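Worksheet: the structure to be examined is printed underneath.
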Amino acid sequence: MIKKGIFHPQLLRILGELRHMDLLVIGDAGLPVPEGVERVDLGWIENSPRFLEVFSAVQSVLAVEAATFADEAKTNGEATAAIHRETLALLGDIPVSYVPHATLKEQMKGAKAIILTGEFTGYTNVILRMGCAY
């Protein structure tokens, strides 16, 4: 039995299968999942688990080389902007790009999986492009 860290079996499998250049999305509770993309729905009640909680745990075990956010992550009000700032801090010096939300949803079609949180703050979504661990 895993005693610390991520222990959700579906999520562990997905994280273990990711390779260089693969895309993984972490999103809020309302993010639509394109047909054919695997869904990991972690939300069980409003705002649980929170986006930052899931992002921090997942990002800490992955080699990430780039992140893409919707433009709206910076402009959708203070709650969204605060979560966005904290997400950027967790990413450190990883390159970040921005696209309109509609474009982000199109790009999500190429993701290996989408992890939905219970977050009820809009536009708290990110596409992570996997790097190489060596």
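Every number here is computed from the coordinates shown, using simple stated rules; none is lab data. Since the model is a prediction, treat every value here as computed from it, not as a measurement. Neighbour counts are summed over all protein chains in view; Cβ atoms, including those assigned to glycine, are modelled from backbone coordinates with ideal geometry.
Here are a few things to note about the model shown:
- Of the two radii for the stretch 12-62, the radius of gyration is 0.95 times the Kirkwood radius, both from the alpha carbons; that is the Rg over Rh value.
- Note on ARG39 and ILE6: with the Förster distance fixed at 22 Å, the Cβ-Cβ geometry gives a FRET efficiency of about 0.85.
- Each residue, SER56 and ARG85, gets one label point 7 Å from its Cα in the Cβ direction; the gap between the two is 1.7 nm.
- Count of lysine pairs in the stretch 1-127 with Cα separation under 30 Å (8 or more residues apart, or interchain): 5
- The length gained on full extension between ARG19 and THR103, counted as 0.36 nm times the residue separation minus their Cα-Cα distance, comes to 27.9 nm.
- Label zone at ASN47, where the point sits 7 Å out along the Cα-to-Cβ direction: the stretch 113-131 residues whose backbone N lies under 16 Å: 117-124
- Listed candidates [x] 36; [y] 54; [z] 13 - label of the one calculated as percent of Cα pairs over 26 Å apart: [z]
- Positive minus negative residues near ILE26 (Lys, Arg vs Asp, Glu; Cβ under 15 Å): -2
- The stretch 57-134: Rg to Rh, with Rh as the Kirkwood radius over Cα pairs: 0.94
- Fluctuation leader among ILE94, ILE14, ILE115 - the chain, Gaussian network, Cα springs under 10 angstrom: ILE94
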